[in-house]
Every structure is written in C-alpha cells, then in structure tokens.
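Only one structure is covered here, and it is reproduced in the block below.
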Amino acid sequence: MAEHEPCVGKSDDWYTPPAIFDALGLTFDLDPCSPGPGHWVPARRVYTIADDGLSQLWTGLVFMNPPFGGREGHIPWLRRFLAHGQGVAIVRAYTSSGWFHDELVPRAEGLLFPRGKTKFIRPDGSVGGSPGHGIVLVGMGQQALGAMEASGLGLFVTIAPPASGDPS
Ligand SMILES: C[S@@+](CC[C@H](N)C(=O)[O-])C[C@H]1O[C@@H](n2cnc3c(N)ncnc32)[C@H](O)[C@@H]1O
C-alpha cells in the first residue's frame, strides 16, 4: 500500500511481500483491493479499482492491503474490514495517530507487529527502500488469529473485549 512507503500520495501500488503470505499459510476468499487477477496475493477472488472494492459485497476470509488515497484514505477500508470481521489487513503501525487509537485498537481482535521494516514491492518488481515506520497486521476471526500467531513474523497480541459491566 502506498502508505507504507515514503512516497505517500504518489501511488497505490505497493504490493505485499510474498514472504508475509508464506508465513501466514492462508488462502483467502477475497482481496478487495487488488491490481488484478494473477497477482501473488493468495485470494480466490479479487476486486480492482475498476470494481471499486469498497462498494462491493465482501464474503469469507479477506486479505486487505488498502489503497492510500490521501492521508487518511485507508480509514473507510479499515472500518469496512473491521466490520466484516474475518481476515487479515495491513496498515501502518502509526501508534501516534488518532485512527490507530479510535478506530483500530477498540475493534481489532489481534495485532501482529512484524519484526523489522517490511519492504513492499513495486509493480515493476523492484523492492521499496526502508520505510520510516513499521506496519501492523490486523486479525479478525479465529482462522486469521491462529495463522498470525503461528506465523513467527513478530509480536502477536490479542485484544480482549471489555468485560461486561466494566465501568471503565
Ligand atoms: C496497496 S495495493 C495492494 C495490492 C495487493 N492487494 C497487495 O497486497 O499486494 C492497493 C491496490 O488497490 C487497488 N485499488 C485502488 N483503489 C481501489 C478500489 N477503489 N477498489 C479496489 N481496488 C483498488 C490499486 O490498484 C492497488 O493495486
């Protein structure tokens, strides 16, 4: 996703490194924001910009690395992903951002912070430079959480829902 790399706003086409999929070992039902069929994301169905994946029906286990579309353009995608509740998404580990605290953490079921800087891939196959921040994989649903925990990619945490009746 463009937001992972330093050229924010220049392109949506920063592809997820295959090593992440190798580590997760999942086949997804849907990639809702894809460059097109035949891309290496292991997904049975894809939506492209021509479909506008955000306005389509999402079913099954989703993998989402959203288009940037501006400074907070990923937020509608993140909301949709969290509401869908099944799959793995990638966003910046921007722990100082309002959206991280207000949108992501209260709704995510699990978070995986890969060790080191994840280098995304350009459409021509070149590998991006070293981004100035890490990323976080967001997990929803038991299948996604189990794969994230077993992946060995880095620090995995689950987020417990607040206990009912908790006054805080
Ligand atoms: C960050 S890339 C991720 C590509 C791939 N899913 C991956 O993880 O390697 C985001 C992709 O979303 C596509 N895209 C942009 N706007 C879209 C939209 N409204 N609906 C579906 N796809 C879109 C872009 O063409 C781009 O290929």
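The values are calculated or read from the model by the stated rules, or taken from the named source; none is laboratory data. Since the structure is predicted, the reported quantities are computational estimates derived from the model, not experimental observations. Cβ atoms come from the backbone with ideal geometry, glycine included; neighbour counts cover every protein chain shown.
Observations, loosely collected:
- Selected residue (criterion: modelled with the lowest pLDDT) from residues of region 7-25 that are of a type in the set (Gly, Ala, Ser) and surrounded by 12 or more Cβ atoms within 10 Å (Cβ to Cβ): Gly9
- Tabulated pairs, region 19-40, first acidic (Asp, Glu), second near the ligand (Cβ under 6 Å from one of its atoms), C-beta under 6 angstrom, 6+ apart or interchain: Asp31/Val41
- Whichever residue in region 140-160 is in a helix (DSSP H, G or I) and touching a residue at least 24 places away in the same chain (Cβ under 8 Å) and, among such residues, is surrounded by the fewest Cβ atoms within 10 Å (Cβ to Cβ): Ala150
- Region 49-75 - residue that is surrounded by fewer than 14 Cβ atoms within 10 Å (Cβ to Cβ) and at pLDDT below 95 and, of those, farthest from the ligand (Cβ to nearest atom): Arg71
- Elements of type strands (runs of 3 or more DSSP E) in region 38-139, at least 1 residues being more than 14 Å from the chain's Cα centre (by Cα): 43-46
- Residue in region 90-106 that is buried (at least 19 other Cβ atoms within 10 Å of the Cβ), among the β-branched types (Val, Ile, Thr) and touching a Phe, Trp or Tyr at 6+ places or on another chain (Cβ under 9 Å) present: yes
- Residue ID - nearest to His39 (Cα to Cα), chosen from residues in region 107-132 that are surrounded by 15 or more Cβ atoms within 10 Å (Cβ to Cβ) and touching a Lys or Arg at 6+ places or on another chain (Cβ under 6 Å): Gly128
- Residues located in region 14-46, provided they are among the aliphatic types (A, V, I, L, M) and within 9 Å of the ligand (Cβ to nearest atom): Ile20, Val41, Ala43, Val46
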